[in-house]
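> The structure that follows is given in the form of structure tokens.
The values are calculated or read from the model by the stated rules, or taken from the named source; none is laboratory data. Keep in mind that what you see is a predicted model, and the values were worked out from it rather than measured. Don't worry about glycine lacking a Cβ; one is built from the backbone with ideal geometry, like all the others, and counts go over all protein chains shown. What goes into the accessible areas is simple: the full protein's heavy atoms, side chains included, and nothing from ligands, DNA or RNA. Shrake-Rupley method; radii C 1.70, N 1.55, O 1.52, S 1.80 Å.
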2 protein chains.
Amino acid sequence: MDDRTYTADAEPGDHVTVAGWVHEVRDLGGIAFLILRDKSGKIQVKFEKDEMPEELVETGLGVHRESVISVTGDVEEEERAPTGVEMLPESVDVLNEADAELPLDPSGKVDADLSTRLDNRTLDLRKKEVQAIFEIRAEILRAVREYFRSIGSTEINTPKIVATGTEGGTELFPITYFGEEAFMNQSPQLFKQLMVGSGLERVFEVGPIFRAEEHNTPRHLNEATMIDFESAFIDHEGAMDVCEGTLKAAYEAVEENCADELELLGYDDFGVPEGDFPRLTYEEAIERINATGELDEQLVYGDDLSTEAERALGDDVGGHYFITDWPSEIKPFYIQDYEDDPDTSKGFDLMHPRMELVSGGQREHRYDALVEGFRQQGLDPDQFDYYTKMFKYGMPPHSGWAYGVERLVMTMLGLENIREAVLFPRDRQRLSP
Amino acid sequence: MDDRTYTADAEPGDHVTVAGWVHEVRDLGGIAFLILRDKSGKIQVKFEKDEMPEELVETGLGVHRESVISVTGDVEEEERAPTGVEMLPESVDVLNEADAELPLDPSGKVDADLSTRLDNRTLDLRKKEVQAIFEIRAEILRAVREYFRSIGSTEINTPKIVATGTEGGTELFPITYFGEEAFMNQSPQLFKQLMVGSGLERVFEVGPIFRAEEHNTPRHLNEATMIDFESAFIDHEGAMDVCEGTLKAAYEAVEENCADELELLGYDDFGVPEGDFPRLTYEEAIERINATGELDEQLVYGDDLSTEAERALGDDVGGHYFITDWPSEIKPFYIQDYEDDPDTSKGFDLMHPRMELVSGGQREHRYDALVEGFRQQGLDPDQFDYYTKMFKYGMPPHSGWAYGVERLVMTMLGLENIREAVLFPRDRQRLSP
């Protein structure tokens, strides 16, 4: 398929063709070095001006930085070369000549602001540190899917064009669909629930979600990639087990399979979360927050947790933790309440010390209670008839959750801005590239 | 996480709790059988009316079909039971009572038209044959991703909200994005190309695409799940190798891991494609089609292939095959032409005897030729500046392709309608559920 040799695989004694980008040219007079970069690493190509054909030397040394070339020649041991080997070129092909002026320096020597980097993601991703983030992101997705399959969960794809939103119409992007009004889906919530009532019972989806929120912060996106899980016959405790399982599986896989990337990003000691994640009730959480003394005003039961409150508790706990048993009134209507305590819901959040990662819970599976929930939310249950009616035909008790891949990458790698964790972010200002 | 035992795991001598749907109740007078169904299979529960508590018998036999119940009791060997075991219930819990009237019979004894089935997908997917399609679909996705990783390809997610479409504005769904006009993306084409020019070099994506085509046929969808691949430093021949590799990997994985599902669907001998897929040039293809004598009118060079032409050739070849070397004028502008034959493109299609599966090719990576291509297509290159400008900064030669998961499932399983291969289809008439 691919005839070239990766630079990292070029061994002394080999005669190879390598191809990649011109990372740097250092002309020392009689000899000059061209550093060729590809996905696997870099290799030094030595040009001996007096001993090699003039045309070869001119071609090799005449190209601009970041041009794409292929080089054929012998590989030799060379202690002084950065990788211990160098190539003696027999032929050089210029596959694509780059402009002399670049909008961004892929060597990373010149700093660029995030906006310039995002405008030029192709060049930005030639920096190994940036590439490493996306290799890790891909590994997280692989590991999470593998974990889901290990517990008998079936991958599904649900529609992104929908007639109605999950939680009403305020944060939806409208579409024109063959003359009808439709929306881009903000969550697979309703569809994955429909599937736990089917023969599949336990499902997951990795896919895009769209939220027309007017937030413009370092941790919000208007399009994100969501990992959704839902299972029949488990309660919120069981759903938390799976949630914790996927998260640990992701950390473990990254530690095991992304050692080079972690080293590039400066992790000497990448911490896989150990032990069971503490499960604090909402009441315990507000008590602990109040006890930290970090907030100007004490929290009272019923308050939602502000960013400052989350931070204070995160510092106090020092690792991932769950908050359970939320007051029903601050959780979505499709979360079930305790039978013996209808003011307390079986909803939960998984928290990273820096921010909320996951929202989940046991769902309301009883038709009458669900329809009543829609009404209390000010939504018209008739509009959601395609969903609610299935609750009349044998809907099992079920629980689930969702987390955004970007927040997981962001917290795992300590990124300052969520836009670092997505190739082409979408926010209020950014619709292109 | 899940305390119940799957019915398939219940062994004689066990004391278990099973949970699932009431598949059937057969009352024989003194004794009655309730067949309980879950994801793993079915189990017979025997009620001995005179020997068991009245309340237990009434609860167990009083529920409507498709209600969700859990049953606790001993498992015993029983030759006459369908699975060779039966349960003697000690307790029965009704977890969710179903209505007496169902809009669809999940036992499959009463036929339903496709539209009714799609309106009631939850019930439809309680049929094992329907469930099997989606278990196979999930296995295909797993196998294809694994193949991609085995060749060093990195998973990416690209935006679905875009400022401009891949091939112009005619088949795009418009969105209102914070007051600006935007579109739902019809293909990751431009974004995946931007990524092969980055340090990632070789990428894949599995995600939704949106096409506002007015087709309403058994093989078109307005929202589909696409498998996209793109790699630097390979030509169209290399891209075909990968394409063939993923397809065979999918068939092999299904054969190996979905034996039960294939049996349910009636495959005695599921055929994994063997040998190399023939690669016919477009010229050879039209010659062979003409030679079949199946068409009323002979094809001439430059004609696109009609559905009838594809069928005639498919019958003649008898398996998967590629068509290569298409006339440049009937392939998209971003496909590269042969340097020594500019009227012939390096585009290819992968064909199943029933229909086209894949479209791909080597791409135009030279800035000037690409911009000229936009112009010839009647598109304004300035609108695609975010994409084209990256071709000035070192874009390697590259090739790729895309196929829809639904068409792969459809052709693999011989489904008559593509809507059978997607949980919640979107077409001109269908926007819900």
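> So, of the residues in the stretch B:320-347 that are of a type in the set (Gly, Ala, Ser) and at pLDDT 95 or above, which turns out to be farthest from residue B:273 (Cα to Cα)? Even if it seems obvious, please write down each step before you answer.
Here is the first cut: in the stretch B:320-347, the residues of a type in the set (Gly, Ala, Ser) are B:328, B:345, B:347.
Restricting the remaining residues to those that are at pLDDT 95 or above gives B:345, B:347.
Numbers: B:345: 27, B:347: 23 Å.
The qualifying residue farthest from residue B:273 (Cα to Cα) is B:345.
> Picking from A:187, A:198, which residue would you name as being within 22 Å of residue A:377 (Cα to Cα) and out of contact with any Asp or Glu (no Cβ under 6 Å at 6 or more places or on another chain)? Steps first, please.
Working: A:198 fails: within 22 Å of residue A:377 (Cα to Cα).
Just a single option satisfies the conditions, and that option is A:187.
> Can I ask one more? May I ask you to verify whether residue A:201 is open to solvent by less than 10 Å² (accessible area, probe 1.4 Å) and under 23 Å from residue A:422 (Cβ atoms)?
Numbers: open to solvent by less than 10 Å² (accessible area, probe 1.4 Å): yes; under 23 Å from residue A:422 (Cβ atoms): no.
Judged against the criteria, residue A:201 is not a match.
> So, one more: For the stretch A:142-230, give me every one of the strands (runs of 3 or more DSSP E) that falls completely inside it and has 1 or more residues that are more than 7 Å from every other protein chain (Cβ to nearest Cβ).
Working: elements: A:174-177, A:180-184, A:202-210.
Fully inside the stretch A:142-230 and qualifying: A:180-184, A:202-210.
> Can you work out which of the residues in the stretch A:113-127 that are in a helix (DSSP H, G or I) and facing chain B (nearest Cβ under 7 Å) is nearest to residue A:412 (Cα to Cα)? Don't jump to the end; show me each part of the working.
Just the residues of the stretch A:113-127 that are in a helix (DSSP H, G or I), to begin with: A:114-119, A:121-124.
Filter once more, so that each one left must be facing chain B (nearest Cβ under 7 Å): A:121-123.
Working: A:121: 22, A:122: 24, A:123: 24 Å.
Out of the qualifying residues, it is A:121.
> Filter the stretch A:128-141 down to residues that are under 21 Å from residue A:208 (Cβ atoms) and at the interface with another protein chain (Cβ under 7 Å from one of its Cβ atoms) and give me whichever is surrounded by the most Cβ atoms within 10 Å (Cβ to Cβ). Outline the logic, then answer.
Going through the stretch A:128-141, the residues under 21 Å from residue A:208 (Cβ atoms) turn out to be A:133-141.
Right, trim to at the interface with another protein chain (Cβ under 7 Å from one of its Cβ atoms) and you get A:134-135, A:138, A:141.
Details: A:134: 25, A:135: 21, A:138: 22, A:141: 21.
Result: A:134.
> Right, another one. Which number in (1) surrounded by fewer than 19 Cβ atoms within 10 Å (Cβ to Cβ); (2) outside any loop (DSSP other than H, G, I, E, B); (3) not aliphatic (A, V, I, L, M) marks the one condition that residue B:416 misses?
(2)
> All but one of (1) of a type in the set (S, T, N, Q); (2) buried (at least 20 other Cβ atoms within 10 Å of the Cβ); (3) over 18 Å from residue A:334 (Cβ atoms) hold for residue A:185; state the number of the condition that does not hold.
Just one mismatch for residue A:185, condition (3).
> So residue A:433 fits all but one of (1) touching a His at 6+ places or on another chain (Cβ under 8 Å); (2) touching a residue at least 60 places away in the same chain (Cβ under 8 Å); what number is the exception?
Result: residue A:433 fails condition (1) only.
> Please determine, by comparing only the residues of the stretch B:210-222 that are touching a residue at least 60 places away in the same chain (Cβ under 8 Å) and surrounded by 23 or more Cβ atoms within 10 Å (Cβ to Cβ), which one is farthest from residue B:174 (Cα to Cα).
B:221
> Those residues that are within 14 Å of another protein chain (Cβ to nearest Cβ) and part of a strand (DSSP E or B), I need them from the stretch A:39-71; list them, please.
As a first pass, look at the stretch A:39-71 and keep what is within 14 Å of another protein chain (Cβ to nearest Cβ): A:39-42, A:63-71.
Of everything in the stretch A:39-71, those that are within 14 Å of another protein chain (Cβ to nearest Cβ) and part of a strand (DSSP E or B) turn out to be A:41, A:42, A:68, A:69, A:70, A:71.
> Let me ask something else. What residue, among those in the stretch B:374-389 that are assigned to a helix (DSSP H, G or I) and open to solvent by 10 Å² or more (accessible area, probe 1.4 Å), is nearest to the other protein chains (Cβ to nearest Cβ)?
Within the stretch B:374-389, the match that is nearest to the other protein chains (Cβ to nearest Cβ) is B:386.
> Then there's this: So which residues in the stretch A:231-250 are more than 12 Å from chain B (Cβ to nearest Cβ), in contact with a Pro (Cβ under 9 Å, 6 or more places away or on another chain) and open to solvent by 10 Å² or more (accessible area, probe 1.4 Å), if there are any at all?
Scanning the stretch A:231-250 gives a single hit, A:248.
Table: residues versus (1) under 27 Å from residue A:261 (Cβ atoms); (2) open to solvent by 10 Å² or more (accessible area, probe 1.4 Å); (3) out of contact with any Phe, Trp or Tyr (no Cβ under 9 Å at 6 or more places or on another chain).
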{"site": "A:2", "(1), (2), (3)": "yes, yes, no"}
{"site": "A:9", "(1), (2), (3)": "yes, yes, yes"}
{"site": "A:23", "(1), (2), (3)": "yes, yes, yes"}
{"site": "A:26", "(1), (2), (3)": "no, yes, no"}
{"site": "A:40", "(1), (2), (3)": "yes, yes, no"}
{"site": "A:44", "(1), (2), (3)": "yes, yes, no"}
{"site": "A:49", "(1), (2), (3)": "no, yes, yes"}
{"site": "A:58", "(1), (2), (3)": "no, yes, yes"}
{"site": "A:67", "(1), (2), (3)": "yes, no, no"}
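> I'd like the full set of residues that are of a type in the set (Asp, Glu) and at pLDDT 95 or above, limited to the stretch B:182-233.
Taking the stretch B:182-233 as the starting set, the residues that turn out to be of a type in the set (Asp, Glu) are B:201, B:205, B:213-214, B:223, B:228, B:230.
Residues satisfying the conditions are B:201, B:205, B:223, B:228, B:230.
> Report the residue count in the stretch B:314-331 for those that are within 21 Å of residue B:372 (Cβ to Cβ) and open to solvent by less than 40 Å² (accessible area, probe 1.4 Å). Lay out the reasoning, then the answer.
Going residue by residue through the stretch B:314-331, those that are within 21 Å of residue B:372 (Cβ to Cβ) are B:326-331.
Imposing the further condition that a residue be open to solvent by less than 40 Å² (accessible area, probe 1.4 Å) reduces the set to B:326-328, B:331.
Qualifying residue count for the region: 4.
> Sort out which residues of the stretch A:243-278 are farther than 19 Å from residue A:406 by Cα and aliphatic (A, V, I, L, M), and write them in order of number.
Passing the criteria: A:259, A:264.
> Another one. Of the conditions (1) of a type outside the set (S, T, N, Q); (2) within 30 Å of residue B:368 (Cα to Cα); (3) open to solvent by less than 70 Å² (accessible area, probe 1.4 Å); (4) touching a residue at least 12 places away in the same chain (Cβ under 8 Å), residue B:305 satisfies every one except a single condition; which number is it?
Unmet condition: (2).
> Considering only the stretch A:390-413, how many residues are within 11 Å of chain B (Cβ to nearest Cβ) and outside any helix (DSSP H, G or I)?
Residues flagged as within 11 Å of chain B (Cβ to nearest Cβ) and outside any helix (DSSP H, G or I) within the stretch A:390-413 amount to 7.
> If you take the residues in the stretch B:419-431 that are in a loop (DSSP other than H, G, I, E, B) and not aliphatic (A, V, I, L, M), which one is farthest from residue A:178 (Cα to Cα)?
Quick first cut of the stretch B:419-431, residues in a loop (DSSP other than H, G, I, E, B) only: B:422-431.
Those still in the list that are not aliphatic (A, V, I, L, M) too: B:424-430.
Details: B:424: 17, B:425: 15, B:426: 11, B:427: 9, B:428: 7, B:429: 9, B:430: 10 Å.
Ranking the qualifying residues of the stretch B:419-431, first place goes to B:424.
> So, in the stretch A:349-364, exactly how many residues are in contact (Cβ under 8 Å) with a residue 40 or more places away in the chain and either of a type outside the set (Gly, Ala, Ser) or open to solvent by 60 Å² or more (accessible area, probe 1.4 Å) (or both)? Please lay out each step first, then the result.
Step one: filter the stretch A:349-364 for residues in contact (Cβ under 8 Å) with a residue 40 or more places away in the chain, giving A:350-363.
Now drop any that are not either of a type outside the set (Gly, Ala, Ser) or open to solvent by 60 Å² or more (accessible area, probe 1.4 Å) (or both), which leaves A:350-358, A:362-363.
Counting residues in the stretch A:349-364 that are in contact (Cβ under 8 Å) with a residue 40 or more places away in the chain and either of a type outside the set (Gly, Ala, Ser) or open to solvent by 60 Å² or more (accessible area, probe 1.4 Å) (or both) gives 11.
> Taking only the stretch A:11-21 into account, find how many residues are within 14 Å of another protein chain (Cβ to nearest Cβ) and either of a type in the set (Gly, Ala, Ser) or open to solvent by 60 Å² or more (accessible area, probe 1.4 Å) (or both).
2
> When the residues of the stretch B:81-95 are narrowed to those that are within 9 Å of residue B:44 (Cβ to Cβ) and part of a loop (DSSP other than H, G, I, E, B), which ends up most open to solvent (accessible area, probe 1.4 Å)? Step through it out loud before you land on a result.
Initially, the stretch B:81-95 is screened for residues within 9 Å of residue B:44 (Cβ to Cβ), giving B:81-83, B:85-87.
Those still in the list that are part of a loop (DSSP other than H, G, I, E, B) too: B:81-83.
Numbers: B:81: 6, B:82: 104, B:83: 80 Å².
Restricting to residues being within 9 Å of residue B:44 (Cβ to Cβ) and part of a loop (DSSP other than H, G, I, E, B), the top hit is B:82.
> From (1) surrounded by 18 or more Cβ atoms within 10 Å (Cβ to Cβ); (2) farther than 30 Å from residue B:394 by Cβ, pick out the condition that doesn't hold for residue A:176.
Among (1) surrounded by 18 or more Cβ atoms within 10 Å (Cβ to Cβ); (2) farther than 30 Å from residue B:394 by Cβ, the lone unmet condition for residue A:176 is (1).
> Still on this structure, I have one more. Looking at the stretch B:350-361, is at least one residue farther than 30 Å from residue B:265 by Cα and assigned to a strand (DSSP E or B)?
Yes: the stretch B:350-361 contains one or more residues that are farther than 30 Å from residue B:265 by Cα and assigned to a strand (DSSP E or B).
> From the set of residues in the stretch A:332-348 that are more than 11 Å from residue A:361 (Cβ to Cβ) and part of a loop (DSSP other than H, G, I, E, B), which is most open to solvent (accessible area, probe 1.4 Å)?
Looking at residues that are more than 11 Å from residue A:361 (Cβ to Cβ) and part of a loop (DSSP other than H, G, I, E, B), I get A:339.
> Let me confirm something: among B:294, B:274, B:255, B:308, which residue is closer than 18 Å to residue B:352 by Cβ, out of contact with any Phe, Trp or Tyr (no Cβ under 6 Å at 6 or more places or on another chain) and part of a helix (DSSP H, G or I)?
Details: B:294 fails: part of a helix (DSSP H, G or I); B:274 fails: part of a helix (DSSP H, G or I); B:255 fails: out of contact with any Phe, Trp or Tyr (no Cβ under 6 Å at 6 or more places or on another chain).
Result of the check over B:294, B:274, B:255, B:308: B:308.
> Among (1) within 11 Å of chain A (Cβ to nearest Cβ); (2) under 30 Å from residue A:243 (Cβ atoms); (3) buried (at least 17 other Cβ atoms within 10 Å of the Cβ), there is one condition residue B:36 misses while meeting the rest; what is its number?
(1)
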